Each structure stands twice: as structure tokens, then as C-alpha cells.
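One structure is given here, and the rest of the page talks about it.
The values are calculated or read from the model by the stated rules, or taken from the named source; none is laboratory data. Since the model is a prediction, treat every value here as computed from it, not as a measurement. A quick note on method: Cβ atoms are made from the backbone with ideal geometry, for glycine too, and the neighbour counts reach across all protein chains shown.
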């Protein structure tokens, strides 16, 4: 069984305390059997390589065009792009602007095995390098100090998504629930969350508009059986992207509370911009405002959600840990406790999946339950496949996918709903 042998980092005032991770900056990536190779972006034949050499250059272009950044920001973005493509990993600038970020000591600790080593960005664990990339991008845009302090470099992209036709379609489609049976509603709101994961703006940089998904693992019946058979309690949702994806996630939360499957819900968001479209509290609020103003059933659900927020039944949390380069094996003690006391914790999206099971080339038949056994409560993962990591399949299913859709692991056309129940 895949078991975490290290203690979680200490937490101080919402941050991961400096020095608490020590030599375990790679703990999440070094766990597990040696035959499960850690994912890096070094091999041009593998998907992670294309993230640095295809997706990121497109992202730099979008960020430069989205806001009227000046020469200082544009120059810093250019230097970062060159470093990621042809240079070696460099540490954060210890200048005064980093004091506002409050994470210089943590990143110095997490990067100790890499900084000054001559390693390229593509040589180190992909989970770590992607997280560090987005942290460095924020510095380059002046997010932590000066006139661009607090300005989300991905804000215009998120705003376009929130105001776009996809959200209009989702709001209109919600009205179809009115003619469904209770079981059909359950199925619709859960499966909509999976389809919503295709709305990842970073993924759209290389994949274009979302298309239909094929579920290759569907434990949705087990999810509903679990919720129906136990006393209602709190549900946690570890959110992924804003706008089009967060909308069905919030519909799911509203549905669980309104139907009595949940008494309360905690939605975990990001405390700062992370990846391209990851949801922060302000993104959730903007979506709630649009949802509450919508006509029909969607608006009714939105106004109920607004009320659930006001009376405390729905709470937003944004721990600093969710912008760290660590997997969930290093969850702070308070989040572990929240998972242990919850009726269900739902992890949305591909990045959260990689952090949940470990970003390794696991054999596809590796048990999802075993890989998540370090968490003390029931867990569901709702994920569209957009990276190399895949577990919980049969050999026959994987062979059929390899033959019929060789890019099934990362093309975003296949998805999973995976569930593991009460721990012993």
C-alpha cells in the first residue's frame, strides 16, 4: 500500500512554515515504489515536454497581450520565457518585492535540491517545475508589489470565460433538470462537473474548444450510494478552474445541500493566481453574482447558494498550501482533519488528481484506493485526462484505449469519476 512516511508541514498564520518541510521538499515526489517513474518534462516524446515548449510560449503571448504591461514587466516575462526554454533553474529574487509575497523562505527550501545545480526546468519533477513556473510568472508581472500589485495576469481570460457563451449555455441547460427524476438529477449534476473540467483555459491554449468526454471509469453510482446511506455531513470540494468549470461545481454543492445529502460545504480555492484559470475567492464571488442574477432554475439555485454562503452552510477557504509545489501527501494537519471529518471530499481536475495520487508513471492498474489511502476520509476524483498519470483501469481497458486513442491520457477527451469510501 502507498503510505506517506513523512509528517505534514507545520502551518503558521495560513502559510506553510519556513523550515517545516526540511529535506522533504521532494517527499511527495519520492514516495511510492521505484518502478513508478516521476514525471518530468525532459522527454520530447512525452506530454509534459509540450507544456514547456508549446503551451507556455502561447501563454506568455497571451499574458503580454491581455494587460498593458510596461517595459519592466515585458522584459521580465521575456527573460523568464528564455530561462524556461534554454536556461537553468534560478531562485527567486530576494529583493524587497518578495517580502509582500511571504513565501521566499519556503521556495528557497523547496528549491534547495535544484537551485545552483545547473538543472534545466525540464530536468526536475514536472509537478514542482509547473508550480514554480507560475510563481515566477507572478513575480515577472509585478503581482506582489508596485502598481501591478494584486492584478491577476489571467484576469482578462477568466472574465472572458465568465461573460462568454459557454456559461450562458450552462445556465440554460440547468433548466433541463426540471423534467428529470431525482436519480437523473443526481447523475446530471455530477457528470456536468466532469464535463466542466474541459473548460480549463490553460488546456484550451492547445486543445481549442471543449468537446464531449468519454468516461473510462465511472464510480458515480458508488458516490451516490455512499451519500445516501450515511448521515448527512460536511462535503469538501477542492476546486480547479474558474467560470465555466466552477459553475457546475457550485451547482453540485447547492444540489447536495438542498437535497439533504450535505449539511455544510467547504470549497477550497487558490489564494493567488495559479496556473491559468484556477479559481480564487474573487472568481467564485463573480460567478455567484452572475448565477444569482440568472433567470429560471439556475437563478433559483444561485440565490439559494448566496443564502447558504451568508448563513455559513457554504464556506470558501484559500490555504497557501494549494499554491505550493507539493503533492497532497504533504497536506497540513488542518486539511487532513477536515478530510477525515467530512462525509466526502471531491477533488476536481487534472492537477488536483496528480497531486492526489502522485505525479508518476503509475501502472494503469494501480489501485486508486491504495494511492489515496493516506487520506482519512471518503474521496472522489472528477477529472478529465490531460496528463500522463492514469490509475484504476484494467489492462484490457487501457489496451483498448491505447489502440483506439493513443493520446487518451492527455487529449482531454476521456475522463474518470473515481471514488473510495470509508477508511478502516
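Considered as a group, the residues in segment 203-230 that are at pLDDT below 95, part of a helix (DSSP H, G or I) and touching a helix residue (DSSP H, G or I) at 6+ places or on another chain (Cβ under 7 Å) include one that is surrounded by the fewest Cβ atoms within 10 Å (Cβ to Cβ), and that residue is 206. If you check 310, 348 for being in the same structural domain as residue 224 (by TED's automatic domain parsing) and surrounded by 23 or more Cβ atoms within 10 Å (Cβ to Cβ), only one passes: 348. Residues in segment 351-361 that are surrounded by fewer than 24 Cβ atoms within 10 Å (Cβ to Cβ) and part of a loop (DSSP other than H, G, I, E, B): 361 alone. Residue 59 falls short on exactly one of the conditions (1) over 19 Å from residue 131 (Cβ atoms); (2) at pLDDT 95 or above; (3) in contact with a helix residue (DSSP H, G or I) (Cβ under 9 Å, 6 or more places away or on another chain); (4) part of a helix (DSSP H, G or I), and that condition is (1). Among the conditions (1) under 26 Å from residue 111 (Cβ atoms); (2) without any contact (Cβ under 8 Å) to a residue 24 or more places away in the chain, the only one that residue 292 does not satisfy is (1). Applying the set (1) part of a loop (DSSP other than H, G, I, E, B); (2) modelled with pLDDT under 95; (3) surrounded by 17 or more Cβ atoms within 10 Å (Cβ to Cβ) to residue 392 leaves exactly one unmet item: (2).
Out of the residues in segment 149-188 that are outside any helix (DSSP H, G or I) and in contact with a strand residue (DSSP E or B) (Cβ under 9 Å, 6 or more places away or on another chain), which is nearest to residue 213 (Cα to Cα)? Restricting to residues being outside any helix (DSSP H, G or I) and in contact with a strand residue (DSSP E or B) (Cβ under 9 Å, 6 or more places away or on another chain), the top hit is 154.
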